[in-house]
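Nothing in this text is a laboratory measurement; each read-out follows from the coordinates by a stated rule. These figures come from a predicted structure and were not determined experimentally. Here the Cβ positions follow ideal geometry from the backbone for every residue, glycine too, while neighbour counts run over all protein chains shown.
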Amino acid sequence: MFQERVSSVAARVQLEAALDFVRESDAERDMMLERQRDGIAKAKSEGKYKGRAPAARAERDDVRRLASEGIGAAEIGRRFGIHRASVYRVLAP
C-alpha cells in the first residue's frame, strides 16, 4: 500500500496526520447523517415531513396526452412549469 512506500519519518508522520484527519472527518459526517435521519424520522412521526411534492408525475396523464398530440417536450414543460428533462422522464417507457 501507499504507506509502505513512504520512507522518511517526517513523511510518515504527515501521512498519519492526514489519515487521522480523514478518519475524524468521516466520523463527524456519519454522526451528522445519523442526527439528520433521527430528525427526519421524528418529523415524519409528527406529520411535519412529507418530502418533496412530485411535479411532473402529478401531471403524468396530461403530459402524455399533449405529447401524443405532437406537442414538443419544451412546450409541454413551459405549460406545466417543469423542466424539459422531466417531461422526457415521464414519457420514458
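Structural remarks
- Cα-based shape type of region 2-45, given that a ≥ b ≥ c are square roots of the gyration tensor eigenvalues and the cut on a/c is 1.5: prolate
- Longest DSSP-loop-exposure-free segment, GluC sites (Glu not before Pro), the chain, at most 16 other Cβ within 10 Å: 1-45
- The convex hull built on the alpha-carbon positions of the chain has an orientation-averaged projected area of 11.7 nm².
- Approximate spin-label separation R57-E69, in nm, with each point projected 7 Å along Cα-to-Cβ: 2.5
- Considering only V22, S45, S8, and ranking their Cα positions along the charge dipole of region 2-45 that arises from unit charges at the beta-carbon of Lys, Arg, Asp and Glu, the one farthest toward the positive end is S45.
- Region 44-93 shape via C-alpha gyration tensor axes, a/c threshold 1.5: prolate
- The region of the chain that goes longest without hitting one of the trypsin sites (Lys or Arg not before Pro) in a DSSP loop, each with at most 15 other Cβ atoms within 10 Å, is 1-47.
- Here the Gaussian network model covers the chain, with springs between Cα atoms less than 10 Å apart; of G51, G81, G39, G81 fluctuates the most.
- Excluding same-chain neighbours fewer than eight residues apart, the aspartates and glutamates reachable from K44 by a Cα-Cα span under 17 Å are E34.
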